[in-house]
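First the structure, in the form of structure tokens, and then the observations on it.
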Amino acid sequence: TVQVNRLAQWAREGLLCIGDAAHAMSPVGGVGINLAIQDAVAAANRLHNEFGPRGPALAALADVQRRRDFPTRLTQRFQVLVQNNILQRVLEEDPGAAGRPMRPPFAARLLGRYRLLRRIPARLIGMGARPEHIASPAVAA
């Protein structure tokens, strides 16, 4: 069973869920690991100074969700859009129906015709909606 969902709250005192633990992704585009790594980088950037005897404060953990929620929602919407409007249609279409060959969906034809448009899904799949970069003091040094 394929699910696309996410936790309402990624954090509790002493616990932060990221990646698949926080949001289930569809295999469409193979972006689940990208989001998980970006979640981890965002968590490291936000929490690297928060570890002490008591661990990070709940507010600091919640900051990670606030930062990563938008790219997660956008990516999941993109996955559902592709699934419902491209993949499902192709999988349900009868290739021998009325003696006509299967025709690619309009979006796929546009991407095939205009090279520049191919950059948009490639960027969303490869980099995500909000790319994360390591920003800890160790990197700056």
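The values are calculated or read from the model by the stated rules, or taken from the named source; none is laboratory data. These figures come from a predicted structure and were not determined experimentally. Heads up, the Cβs are rebuilt from the backbone with ideal geometry, glycines too, and the neighbour counts pull from every protein chain shown. These area figures cover heavy atoms from the full protein model, side chains too; ligands, DNA and RNA do not enter into them. Shrake-Rupley method; radii C 1.70, N 1.55, O 1.52, S 1.80 Å.
So which residues in the stretch 100-126 are outside any helix (DSSP H, G or I) and either open to solvent by 60 Å² or more (accessible area, probe 1.4 Å) or at pLDDT 85 or above (or both), if there are any at all? Can you show your working first?
The initial filter retains those residues of the stretch 100-126 that are outside any helix (DSSP H, G or I), namely 100-105, 114.
Residues satisfying the conditions are Arg100, Pro101, Met102, Arg103, Pro104, Tyr114.
Can you spot a residue in the stretch 9-23 that is touching a Lys or Arg at 6+ places or on another chain (Cβ under 7 Å) and either surrounded by 20 or more Cβ atoms within 10 Å (Cβ to Cβ) or not in a loop (DSSP other than H, G, I, E, B) (or both)?
The first filter runs over the stretch 9-23 and keeps only residues touching a Lys or Arg at 6+ places or on another chain (Cβ under 7 Å), leaving 22-23.
Within this subset, residues satisfying the condition of being either surrounded by 20 or more Cβ atoms within 10 Å (Cβ to Cβ) or not in a loop (DSSP other than H, G, I, E, B) (or both) are 22-23.
Yes, the stretch 9-23 contains at least one residue that is touching a Lys or Arg at 6+ places or on another chain (Cβ under 7 Å) and either surrounded by 20 or more Cβ atoms within 10 Å (Cβ to Cβ) or not in a loop (DSSP other than H, G, I, E, B) (or both).
Report the residue count in the stretch 31-71 for those that are closer than 20 Å to Arg123 by Cα and open to solvent by 50 Å² or more (accessible area, probe 1.4 Å).
Qualifying residue count for the region: 4.
Out of Arg46, Arg66, Arg73, which single residue is among the basic types (Lys, Arg), in a helix (DSSP H, G or I) and in contact (Cβ under 8 Å) with a residue 60 or more places away in the chain? Quick ask: steps written out before the conclusion?
Numbers: Arg46 fails: in contact (Cβ under 8 Å) with a residue 60 or more places away in the chain; Arg66 fails: in contact (Cβ under 8 Å) with a residue 60 or more places away in the chain.
None of the others qualify; the one that does is Arg73.
Restricting attention to the stretch 82-99, does a residue exist that is part of a helix (DSSP H, G or I), surrounded by 13 or more Cβ atoms within 10 Å (Cβ to Cβ) and at pLDDT 80 or above?
Scanning the stretch 82-99, I find at least one residue that is part of a helix (DSSP H, G or I), surrounded by 13 or more Cβ atoms within 10 Å (Cβ to Cβ) and at pLDDT 80 or above, so the answer is yes.
Give just the number: which of (1) in contact (Cβ under 8 Å) with a residue 12 or more places away in the chain; (2) part of a helix (DSSP H, G or I) does Gly55 not satisfy?
(2)
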